[in-house]
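The values are calculated or read from the model by the stated rules, or taken from the named source; none is laboratory data. Note that the coordinates shown come from a computational prediction; the quantities given were computed from them, not determined experimentally. No Cβ is skipped: glycine too gets one built from the backbone with ideal geometry, and neighbour counts run over all protein chains shown. The protein model used for the area step is the full one, side chains on, heavy atoms only, and it has no ligands, DNA or RNA in it. Shrake-Rupley method; radii C 1.70, N 1.55, O 1.52, S 1.80 Å.
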Amino acid sequence: MSAVAKKSSGLPPLDEDGLLRDPQQWNETVAQLLADYYGVGALGTDHWQVISTLRAHYARFGAAPAMIQVCKLHGKDRHWVHDLFHTCLNAWRIAGLPNPGEEAKSYLSAN
């Protein structure tokens with residue numbers, strides 16, 4: 001998507017990895033815009049559970065959690081986050097969290 005299309009869609013600026021340049025611009029509306037942008041569609045209760053868990057974990061530890069632990073916490077299959085967001089990195093993006101670093105991005109992309 002071009003910069004013009006991003007701007008017209010209401011998305012705040014994204015970095016080269018598709019993460020918010022300024023995570024302070026995140027809100028529920030931005031989350032839905034990001035979900036649409038990444039082809040996830042309408043965010044339902046399960047999506048919001050994941051988003052809330054990611055944001056709480058990041059606020060507490062400053063790092064990405066193991067996605068399998070997110071799944072276990074909610075009593076779901078180990079592919080739950082991936083199935084909801086198409087990639088675990090998309091879940092991170094839609095949660096509006098900052099760039100987690102190369103190693104974490106690699107992990108999030110592979111799951």
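Which residues, taken from the range 64-84, are under 23 Å from residue 14 (Cα atoms) and either of a type in the set (Gly, Ala, Ser) or assigned to a loop (DSSP other than H, G, I, E, B) (or both)?
64, 65 - these are the residues of the range 64-84 that are under 23 Å from residue 14 (Cα atoms) and either of a type in the set (Gly, Ala, Ser) or assigned to a loop (DSSP other than H, G, I, E, B) (or both).
Residue pairs, Cβ under 6 Å, 6 or more apart or interchain, first in the range 41-56 and over 13 Å from residue 28 (Cα atoms), second open to solvent by 70 Å² or more (accessible area, probe 1.4 Å). List them.
Hits for this filter: zero, empty list.
I'm checking my understanding of the structure. Among residues of the range 85-109 that are open to solvent by 30 Å² or more (accessible area, probe 1.4 Å) and outside any loop (DSSP other than H, G, I, E, B), which one is modelled with the highest pLDDT?
93
From the list 78, 55, 60, which residue is among the charged types (D, E, K, R), under 21 Å from residue 17 (Cβ atoms) and out of contact with any His (no Cβ under 8 Å at 6 or more places or on another chain)?
Exactly one of 78, 55, 60 is among the charged types (D, E, K, R), under 21 Å from residue 17 (Cβ atoms) and out of contact with any His (no Cβ under 8 Å at 6 or more places or on another chain), namely 55.
Quick grid of which residues meet (1) open to solvent by 20 Å² or more (accessible area, probe 1.4 Å); (2) farther than 26 Å from residue 76 by Cα; (3) basic (Lys, Arg):
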| position | (1), (2), (3) |
| --- | --- |
| 11 | no, yes, no |
| 15 | yes, yes, no |
| 37 | yes, no, no |
| 43 | yes, no, no |
| 46 | yes, no, no |
| 51 | no, no, no |
| 54 | no, no, no |
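For the range 50-82, name all the residues that are under 13 Å from the mean Cα position of the chain (by Cα) and of a type in the set (D, E, K, R).
55 - this is the single residue of the range 50-82 that is under 13 Å from the mean Cα position of the chain (by Cα) and of a type in the set (D, E, K, R).
Report, by residue number, each residue of the range 19-57 that is part of a helix (DSSP H, G or I), under 17 Å from residue 88 (Cβ atoms) and among the aliphatic types (A, V, I, L, M).
If the condition is that a residue be part of a helix (DSSP H, G or I), under 17 Å from residue 88 (Cβ atoms) and among the aliphatic types (A, V, I, L, M), then 31, 34, 35, 50, 51, 54, 56 are the ones that fit.
Quick one: what pairs do we get from the range 64-86, first residue touching a residue at least 24 places away in the same chain (Cβ under 8 Å), second part of a loop (DSSP other than H, G, I, E, B) and open to solvent by less than 30 Å² (accessible area, probe 1.4 Å), C-beta under 8 Å, 6+ apart or different chains?
64/97; 84/40; 85/40; 86/40
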